[in-house]
Amino acid sequence: MTRIAVAVEYDGAGFHGWQTQESGVRTVQEELEKALSRVANHPVALICAGRTDAGVHATGQVCHFDSDADRSMKSWVMGANRFLPDDVSVQWAQAVPDDFHARFKANRRRYRYVIYNHAAPPALFRRQVTWNYRPLDVDAMIEASRHLVGTHDFTSYRSVHCQAKSPVKTLSRFHIHRQGPLIVLEVEGNAFLMHMVRNMAGVLMSIGAGKHPPVWAREVLEARDRRKGGVTAPPFGLYLVDIGYPEPFVLPRPPLGPLWLTTLNAADGGGADAP
């Protein structure tokens, strides 16, 4: 029996999230398991690094499964993509040690949230970005984001339906940058709570629109009350872009992803890193 890790890219707009559901709605996990099971010629059960919500995309999702099928890594990639729909793609496959676990061994996750900041809504890529018609003050958003970096209780920034045992998470970096009408929020941490990135994006967009001062991000954080945090931002601008693992789990770098995620360099923007 061999344990295999795969990287997956998907357009989440047509899915009800990652996880297979009893209601029978379309999910990424179900599509992938069906495709890989056909390649393996036996049922395949996938474990992923981060279970994304309905409408959320990924360019660097990592999963693992076990199989005794004699297949090359190229065969896993090519075979899976042959049976997958157009909005899901396996980017690479790699044999990993038996103690590798896509979720529990991950020590770093990185998300990007892409905002189209323009008076008129986009006709193209409208389900890959979040449209905000109000002019957003990026400098105010950058100042606000600095209050969120570090180890905190993120109760105010998680869904009331979140089932995580602890609301305490560590954000190691938060960068915000603009290029033309696009504003990209890039956040990295050890783990994230349900709707955490979307709730942070909602707070930062309210601050950017001038509804609150930058210090409001800290006030929301310290309240430890989800009702203080405002509106949850839409899912369409959110991307899971990278998963990190400690040694000895050396995996390929994540794929490039959409153009607006690769031409914008987060290091050139403002933001904060954990001390």
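The values are calculated or read from the model by the stated rules, or taken from the named source; none is laboratory data. Just so it is clear, the model here is predicted, and its values are computed rather than measured. Backbone-built Cβ (ideal geometry, glycine too); neighbour counts: all protein chains shown.
Can you tell me which residues in the range 225-255 are in contact (Cβ under 8 Å) with a residue 12 or more places away in the chain, out of contact with any Lys or Arg (no Cβ under 8 Å at 6 or more places or on another chain) and part of a loop (DSSP other than H, G, I, E, B)?
Once the filter is applied, which keeps residues that are in contact (Cβ under 8 Å) with a residue 12 or more places away in the chain, out of contact with any Lys or Arg (no Cβ under 8 Å at 6 or more places or on another chain) and part of a loop (DSSP other than H, G, I, E, B), the range 225-255 yields Asp225, Gly229, Gly230, Val231, Gly237, Pro248, Leu251, Pro252, Pro254, Pro255.
Say whether the condition of being closer than 30 Å to Phe192 by Cα and of a type in the set (A, V, I, L, M, F, W, C) is met by at least one residue in the range 67-74.
Within the range 67-74, none of the residues are closer than 30 Å to Phe192 by Cα and of a type in the set (A, V, I, L, M, F, W, C).
Sort out which residues of the range 203-224 are under 18 Å from Pro234 (Cα atoms) and crowded, with 20+ Cβ neighbours inside 10 Å, and write them in order of number.
If the condition is that a residue be under 18 Å from Pro234 (Cα atoms) and crowded, with 20+ Cβ neighbours inside 10 Å, then Val203, Leu204, Met205, Ser206, Ile207, Gly208 are the ones that fit.
Is it the case that Trp76 is among the aromatic types (Phe, Trp, Tyr), within 18 Å of the chain's Cα centre (by Cα) and not assigned by TED's automatic domain parsing to the domain that holds Ser145?
Spelling it out, it is not the case that Trp76 is among the aromatic types (Phe, Trp, Tyr), within 18 Å of the chain's Cα centre (by Cα) and not assigned by TED's automatic domain parsing to the domain that holds Ser145.
Do we have Leu36 as surrounded by 15 or more Cβ atoms within 10 Å (Cβ to Cβ), assigned to a helix (DSSP H, G or I) and either within 19 Å of the chain's Cα centre (by Cα) or on the phi > 0 side of the Ramachandran plot (or both) here?
Criteria not met by Leu36.
I'd like the full set of residues that are assigned to a loop (DSSP other than H, G, I, E, B) and touching a helix residue (DSSP H, G or I) at 6+ places or on another chain (Cβ under 8 Å), limited to the range 5-33.
The answer is Phe15, Gly17, Trp18, Gln19, Thr20, Arg26.
Among the residues that make up the range 76-91, is at least one of them touching a residue at least 40 places away in the same chain (Cβ under 8 Å) and in contact with a Lys or Arg (Cβ under 8 Å, 6 or more places away or on another chain)?
Yes, there is a match, as at least one residue in the range 76-91 is touching a residue at least 40 places away in the same chain (Cβ under 8 Å) and in contact with a Lys or Arg (Cβ under 8 Å, 6 or more places away or on another chain).
I'd like the full set of residues that are of a type in the set (A, V, I, L, M, F, W, C) and either outside the structural domain of Val28 (by TED's automatic domain parsing) or assigned to a strand (DSSP E or B) (or both), limited to the range 57-73.
Ala58, Val62, Cys63, Phe65
Just one of Glu22, Glu9, Glu31 is free of Cβ contacts under 8 Å to residues at least 40 places away in the same chain and either over 15 Å from the mean Cα position of the chain (by Cα) or buried (at least 18 other Cβ atoms within 10 Å of the Cβ) (or both); which is it?
Answer to the selection: Glu22.
Of the numbered conditions (1) at pLDDT 95 or above; (2) more than 16 Å from Ala5 (Cβ to Cβ), Ser75 satisfies every one except a single condition; which is it?
The failed condition is (2).
Would you tally the residues in the range 43-65 being touching a Ser or Thr at 6+ places or on another chain (Cβ under 7 Å) and farther than 25 Å from Met196 by Cα?
Summing the residues that are touching a Ser or Thr at 6+ places or on another chain (Cβ under 7 Å) and farther than 25 Å from Met196 by Cα in the range 43-65 gives 2.
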